[in-house]
Amino acid sequence: MSDTISGVDVREGEDREQLAAALEQANIPTLVLVLAHLTGDDTWLQEPYVPQRGPVLDDNDSGQLPEAVQEVIRAAALNAILASEADNTSAAQPLSPEKVTRMLGAALVEEIPEEYGELLAEELGEAPRDIDVPASIRPGFGVTIIGAGISGIGLAIKLKAAGVPFTILEKNNAIGGTWWENTYPGCGVDTPSHLYSFSFAPNAEWSRFFAKRPEVHDYLDRLVQEYDLLDHIRFGVEVVRATYDAERSKWVVETKETDGVVDALEAPVLVSAVGMVNRPSIPNVEGAETFAGPVMHTAAWDSSAEISGKTVAVIGTGASAMQLVPTIAGDAEKVMVFQRSKQWAVPHPNYHRNVPDGVRYLMRRVPLYTRWYRLRAFWNFSDRLHSSLRIDPEWTQTDRSINTQNERHRQFLTRYIKDQLGERTDLLDACLPDYPPYGKRPLLDNKWFQTVKRDDVELITEGISQINENGVVGESGDQHDADVIVWATGFKALQFLWPMEIRGLSGKTLAEQWGYHDARAYLGVTVPDFPNFFILNGPNTNAGHGGSAFLACEFQIRYVMQAVALLATGEADSVEVREDVFTKYNEELDAELELCIWSHPGMTNWYRNEAGRVVVSSPWTYLDYWGRLHDLDRTEYVEVPSGA
């Protein structure tokens, strides 16, 4: 299996000149890391070659180094890469976790705690993350996976590599999950593209630093093709219910196909990989069914609906609206945005930037460059931001921020919004949030504030009382005529695994055990009374401080694979997390969440239920969560011995 998903063999016939030209566009801090790695010479991480700190959020492509020094680095990298190719080696001796940490810190001009070493080494591919499953898998053993999105594909790759039989049930007619379903104009990632990939299959093909939906789906599709997963996937099959049969230690899964055919299949292990954003949330607004024109949710975009030259009412101002509205403004005759909540939006210099052709070529040819670039993104966009989301109990300005760092961010973002609005001071009250930054999902600015200044865009801040044949009626009674209505209102994220009925040992369903909008799981992965059942992207696993959905997903997959290894060999027929372990963990979790910004009373967010408990977000750093999931502790589980 290749180191990088590219679909192209770039090793043959490449010449020195083409590589040299590509290196002219390379990111110097990343190139220094590649050079030090290939040669084993730490001189490249010292003066005069060590990069200097660049602007905040900037990729720091030059490393702030003089051009003459950059040329020395490029020339040395050219020779080192060609030498490694001639020797048919991708790097020098493997790096220790300590060495990875020191190298990354030098390139980022930042002190990285030593305890991150093993995690960083895994993300770089210098330390193993796979679980060994003995070849002696017991007859009849297998795994049923619900969902062929990111997490389902990731688990399937690891199961196939381990020789474990599995079947994926996918309700859609194609892979990709949310990246298949969401096709609205402007749909894309809001984390750096190169971090939006599995560590074991980094993607060298991104054309943008923040990719749009088609490229994300293409990446997932290439994974399915390259790892030969298609024969394991049943498309157009929706899980209706799953019931655990204790006598046989098997899950019986009842399904319904798109043509109405009802079926059932059995397997000892059941894994939900349905994610959090797969069921659209549409508010119950009086008269919505009477509207004469097209009505659609962003997650169910109707490409046949005419937008050009039409008046479009967009209801909601979250992440999908942030991407949609600036994209259709100018094409539509008019866009009316109905805003319930103001949003902080963070500017990122790479958001609208294309990846230079030379860099894409370099990533395809030198997988080590892709891996180090991804690792830089991992650190810059994850745990280094975590402290800004922790509530300082001694902080006094609690209405607008939660700690010193958060206050600095508030001041910076306030200046940014004012600068973007310029002379349109009349929009300040409608655009400047009155709650701490990051209390809601952090958004990346897609020229939102420039868009709402347009003459053909209207920002409406009053609530909606009803919808009629002609459009939307505000609480004031004002009629807003529209040709098209778009719900940009998010997902039923609090209704985990809805509408499936999952029934455990006691006969109770998960929904009955959890109660309304109050899902809980041990480590976000498993629940008492549901043996051999595991959840990927379960409750309290969304890292609200940044990073990528792929990161925690990989941690969870390794944990599940340890349980699979135990069950596949017949050491146990079933494993069920102990009630006391589950309870203690969730008490600790809730206590930590009380110290996080999502518990702040100054705003509502989709992370929190009606009782105020945070159900979606995780309070842990990636390092914390990685450590908790690293090793499955069998003493925390009730095991039923094989044949008992």
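Once Lys and Arg get +1 and Asp and Glu get -1 on their Cβ, which of 635, 623, 602 lies farthest toward the positive end of the dipole of region 602-644?
602
Roughly speaking, what is the centre-to-centre gap between region 378-438 and region 566-612 when only Cα atoms are used, to the nearest Å?
When both Cα centres are located, 28 Å separates them.
Got a sec? Charge dipole of the chain, +1 on Cβ for Lys and Arg, -1 for Asp and Glu; which of 561, 180, 464 is way out at the positive end?
464
Place a +1 charge on the Cβ of each Lys and Arg in region 194-322 and a -1 charge on the Cβ of each Asp and Glu, then give the dipole magnitude about the Cα centre in debye, rounded to the nearest 20. Write down the numbers at each step before the final one.
Numbers: 11 positive and 19 negative charges, 99 e Å.
My answer is approximately 480 debye.
Over the chain, average the accessible area per residue using a 1.4 Å probe and give it in Å², no decimals.
On the way: 25760 Å² over 644 residues.
Result: 40 Å² per residue.
Accessible area, 1.4 Å probe, largest first: how do 302, 631 sort?
Details: 302 65, 631 100 Å².
Solvent-accessible surface, decreasing: 631, 302.
With N set to the residue count of region 299-446, report its C-alpha Rg divided by 2.2 N^0.38 Å to two decimal places. Don't skip to the end; give the middle numbers.
Details: Rg = 19.1 Å, N = 148, 2.2 N^0.38 = 14.7 Å.
Its radius of gyration relative to the 2.2 N^0.38 Å reference: 1.30.
Over the heavy atoms of residue 416, what accessible area does a 1.4 Å probe trace out, to the nearest 10 Å²?
So the heavy atoms of residue 416 present about 40 Å² to solvent.
With all pairs of different alpha carbon atoms counted, what Kirkwood hydrodynamic radius in Å does region 136-240 show?
On the way: mean 1/r = 0.0687 Å⁻¹.
Here the Kirkwood hydrodynamic radius works out to 14.6 Å.
Quick one: what are the phi-derived ³J(HN,Hα) couplings along region 567-584, Karplus 6.51/-1.76/1.60 with θ = phi - 60°, whole Hz, x for glycine and proline?
7, 5, 8, x, 4, 8, 7, 8, 10, 9, 4, 5, 4, 5, 5, 4, 5, 4
Give me the dipole magnitude in Debye, nearest 20, for region 372-495 about the Cα centre, with unit charges on the beta carbon: positive for Lys and Arg, negative for Asp and Glu.
Numbers: 16 positive and 20 negative charges, 233 e Å.
Magnitude of the dipole: close to 1120 debye.
For region 79-158 and region 286-310, what is the separation of their C-alpha centers, rounded to whole Å?
45 Å
log₁₀ I(q)/I(0) of region 471-583 at q = 0.14, 0.19 Å⁻¹, via Debye over equal Cα point scatterers, no solvent, to two decimals?
The computed values of log10 I(q)/I(0) come out as -0.70, -1.07.
Go through 223, 144, 265 and say which Cα lies farthest out towards the positive end of the charge dipole of the chain; charges sit on Cβ, +1 for Lys and Arg, -1 for Asp and Glu.
Of 223, 144, 265, it is 223.
Leaving ligands, DNA and RNA out of it, work out the accessible area of residue 96 with a 1.4 Å probe and give it in Å² to the nearest 10.
50 Å²
How high is the relative contact order of the chain? Use alpha-carbon pairs under 8 Å, at least six apart in sequence, and give a whole percent.
Values: 1229 pairs, mean separation 107.3, N = 644.
Over the chain, the number comes to 17 percent.
Using a probe of 1.4 angstrom, how much of the accessible area of the chain is carbon and sulfur, in percent? Mind dumping the intermediate values first?
On the way: 12280 of 25760 Å².
The computed percentage sits at 48.
Among DSSP bridges having both ends in the chain, what percentage is antiparallel? Round to the nearest 5.
Working: 33 of 72 bridges.
Antiparallel bridges: around 45 percent, rounded to the nearest 5.
About the Cα centre of region 94-158, how large is the charge dipole given +1 on each Lys and Arg Cβ and -1 on each Asp and Glu Cβ? Please answer in debye to the nearest 20.
Numbers: 5 positive and 11 negative charges, 103 e Å.
That gives a dipole near 500 debye.
Using only protein heavy atoms and a 1.4 Å probe, report how much of residue 324 is accessible, in Å² to the nearest 10.
Estimated to the nearest 10 Å², residue 324 gives 0 Å².
The values are calculated or read from the model by the stated rules, or taken from the named source; none is laboratory data. Everything quoted here is computed from the prediction, not taken from an experiment. Ideal geometry is used to build each Cβ from the backbone, glycine not excepted, and the neighbour counts take in all protein chains shown. Accessible surface is based on the protein model in full, side chains and every heavy atom, while ligands, DNA and RNA are left aside. Shrake-Rupley method; radii C 1.70, N 1.55, O 1.52, S 1.80 Å.
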